[in-house]
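Remarks on the structure that follows.
The values are calculated or read from the model by the stated rules, or taken from the named source; none is laboratory data. Predicted, not measured: the structure shown is a model, and the values here were computed from it. Virtual Cβ from ideal backbone geometry, glycine too; neighbours counted across all protein chains shown. Surface accessibility is based on the protein's heavy atoms, side chains included, excluding ligands, DNA and RNA. Shrake-Rupley method; radii C 1.70, N 1.55, O 1.52, S 1.80 Å.
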Amino acid sequence: MTLAHFLDGLRCSNCAELNVLWLDPIRALAKCRECGQLALAFPEMGEEVR
């Protein structure tokens, strides 16, 4: 089991549903709970990760 964070105010680029995205920082994935679309999430180069 991993800790997932709700991404408030964002839409899925595939199904356009609002507030259905979750971020799994351990696996570096964002997932839509409606359509199942997955996206790789990674910080931009040169930015500090907190």
Exercise for the section: With θ set to phi - 60°, apply the Karplus curve 6.51 cos²θ - 1.76 cosθ + 1.60 along the range 5-16 and write out the HN-Hα couplings as whole Hz, x wherever there is a Gly or Pro. Expected result: 10, 6, 9, 6, x, 10, 9, 6, 6, 8, 9, 6
Practice task
May I ask for the net charge around Asn19, where only other residues with Cβ less than 14 Å from the Cβ of Asn19 are counted and Lys, Arg are +1 while Asp, Glu are -1?
Solution key: 0
Completion exercise
Spelling it out for Leu29: with amide H atoms placed in the peptide plane at 1.01 Å from N, the residues 5 or more places away or on another chain with amide H under 5 Å from its amide H are Asp24, Ala41
Completion exercise
Heavy-atom accessible area of Cys15, protein chains in place, probe 1.4 angstrom, given in Å² to nearest 10, is 50
